[in-house]
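Please treat every number below as a calculation from the coordinates, not as lab data. Please read all numbers here as calculations on a predicted model, not as lab measurements. Neighbour counts are summed over all protein chains in view; Cβ atoms, including those assigned to glycine, are modelled from backbone coordinates with ideal geometry.
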């Protein structure tokens with residue numbers, strides 16, 4: 001009986017995790033710029049792979065990240081500025097504001113426990129992301145610098161420039 | 001009776017929470033859709049993440065120590081304002097009306113900077129910085145528990161140009 005309860009609990013937990021991830025998928029999938037432009041999906045191993053120079057700080061930074069999903073959004077979504085609309089669905093399930101930056105560049109990050117979602121938009125481009133795991137926030141400036149440098153694959157760099 | 005006390009307590013807490021950062025929030029809302037203004041809001045949720053972290057280097061430890069005591073930060077800034085003097089005067093007037101105590105003023109040919117604080121029981125709970133130049137304007141509000149000796153370190157480590165004026169606090173302390 002105990003095993004059954006545990007199994008039911010595990011199933012429920014995994015379903016709820018999938019549900020949280022599905023909000024961004026449901027929003028971003030139909031808004032991809034082209035059908036063949038797939039979202040970028042990273043796990044710890046793939047995150048370490050993109051660290052071409054094997055910078056130990058970068059590896060330390062991504063060690064406890066379980067999964068990152070990055071969607072580039074189409075020009076219609078960018079033009080209509082509807083790229084933040086899915087965040088309301090996350091707020092409805094208890095996600096709270098972590099950081100907002102508005103101006104020529106727009107960055108919004110909301111989160112709940114160890115899940116973070118957000119959007120980054122600038123110069124007519126926008127991307128939505130989902131991240132699950134722990135991040136050493138004090139090292140975020142290092143992460144951004146790394147993403148903006150040419151030390152990582154150009155494919156990734158393009159998403160952040 | 002219990003309900004009334006509870007309601008009063010909730011209202012006072014809500015009022016206190018609303019009070020923090022309220023002056024900057026007014027400007028944040030006013031220029032929300034104006035792309036020439038950069039608006040940054042960092043919530044208590046973000047700062048709470050730093051409370052359980054341990055730094056590896058001395059700089060990291062110091063940064064985490066300062067930042068873990070903060071409950072929020074709001075920034076409104078622009079590099080190109082049509083009436084920077086008017087906006088600066090309006091902002092410092094709002095800050096004064098809201099009961100902030102002036103801590104430091106810097107005036108030179110390039111810009112005016114005024115730093116004001118709200119103190120309670122000897123603890124600085126909010127620091128507001130207003131800066132106005134020939135074309136520039138910046139307003140920064142930091143709230144939580146603020147140690148003036150450490151604020152300049154925060155300015156250096158966060159690498160945000162609007163916070164550069166906070167370094168004046170360190171220079172002022174040395175003189």
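Here are a few things to note about the model shown:
- Note on B:42-51: average number of Cβ atoms from other chains within 10 Å of each residue's Cβ is 5.
- FRET efficiency, 1/(1 + (r/R0)^6) with R0 25 Å, evaluated for residue B:121 and residue A:105 via beta carbons: 0.05
- Partner shielding of B:34-40 amounts to 4, given as the average count of beta-carbon atoms from other chains within 10 Å of each residue beta-carbon.
- Cβ-based exposure ranking for B:129, B:103, A:47, in which fewest neighbours within 10 Å come first: B:103, A:47, B:129
- Simple spin-label estimate for residue A:76 and residue B:32 in nanometres, 7 Å along Cα-Cβ: 2.7 nm
- The mean count of C-beta atoms from other chains within 10 Å of the C-beta of residues in A:97-109, rounded to a whole number, is 6.
- Projecting label points 7 angstrom from Cα along Cα→Cβ for residue A:60 and residue A:125 puts them 3.0 nm apart.
- For B:108, B:59, A:74, order by how many other beta-carbon atoms lie within 10 Å, fewest first: B:108, B:59, A:74
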